[in-house]
Amino acid sequence: MLMLLFTIVYFVIFFFLIDLVFRNASISVFTNIMSLVCLVIAFIVSVGMADYTVKKIKNK
């Protein structure tokens with residue numbers, strides 16, 4: 001449950017940053033694909049960061 005919470009929090013932060021980057025980009029297929037790729041990478045990274053955070057909390 002704790003890992004899910006941290007994953008959501010980290011993903012929302014990454015989503016906000018990705019939205020800032022691609023907000024003013026021209027609407028094209030390339031920018032849409034790049035934003036989707038960035039979101040997938042952000043999800044993978046947020047799961048990894050949540051796992052690391054939960055392990056650090058449990059070690060203390």
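The values are calculated or read from the model by the stated rules, or taken from the named source; none is laboratory data. These figures come from a predicted structure and were not determined experimentally. Ideal geometry is used to build each Cβ from the backbone, glycine not excepted, and the neighbour counts take in all protein chains shown.
Which ones in the stretch 39-60 are assigned to a helix (DSSP H, G or I) and without any contact (Cβ under 8 Å) to a residue 24 or more places away in the chain?
40, 41, 44, 48, 52, 55, 56, 58, 59, listed by residue number.
When restricted to residues that are at pLDDT 95 or above, surrounded by fewer than 13 Cβ atoms within 10 Å (Cβ to Cβ) and of a type in the set (Ser, Thr, Tyr), the stretch 1-37 contains 0.
The condition of being hydroxyl-bearing (Ser, Thr, Tyr) and outside any helix (DSSP H, G or I) holds for only one of 35, 26, that being 26.
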